[in-house]
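The values are calculated or read from the model by the stated rules, or taken from the named source; none is laboratory data. The structure displayed is predicted, hence computed values, not measured ones. Neighbour counts run over all protein chains shown; Cβ positions are idealised from the backbone, glycine included.
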């Protein structure tokens, strides 16, 4: 059911994107910290929507569909804004590119494997990747508006590179699973099934 609490938490991650994007255009410290707070709250919902769905036995097809999409939309929007507003520059932009390309790749693989009724479980390494990625993005959002004794930009940039490395590793793991099923020979159809189909046509 779309209006269940787990699904509403998932939808909240999509709903928060417009204000997050809009606040990037406000060159004030309070705006940066507000973005960081909204982003952190959205990351927390990423844990609780799945947890509550399992505990309350409210897992649904639409929830499984929306959950990864909400995550990818939020991360993609923030990374694009960080690059656009110069908080992620130079060669470090490549880390964001790797992360975004991996998300597109994994989405395509998941869709393909779902058609084969093959599930792809989230690995522990992928969870670490997500955690480091979210923390790194939070530091980059605050950027130069953070406390002067904390090098927020440096911490965020290094964290994003670590996340990009883990992204590459986990993306390859998912790709191997997908390729294994793609290369598998399709099951042969019984001869009589073809004849029956031809007659009915």
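Annotations for the structure displayed:
- The single condition among (1) exposed (fewer than 15 other Cβ atoms within 10 Å of the Cβ); (2) modelled with pLDDT under 90 that residue 68 does not satisfy is (1).
- Residue count for the range 32-50, restricted to those that are surrounded by fewer than 16 Cβ atoms within 10 Å (Cβ to Cβ) and either touching a residue at least 12 places away in the same chain (Cβ under 8 Å) or under 23 Å from residue 146 (Cα atoms) (or both): 6.
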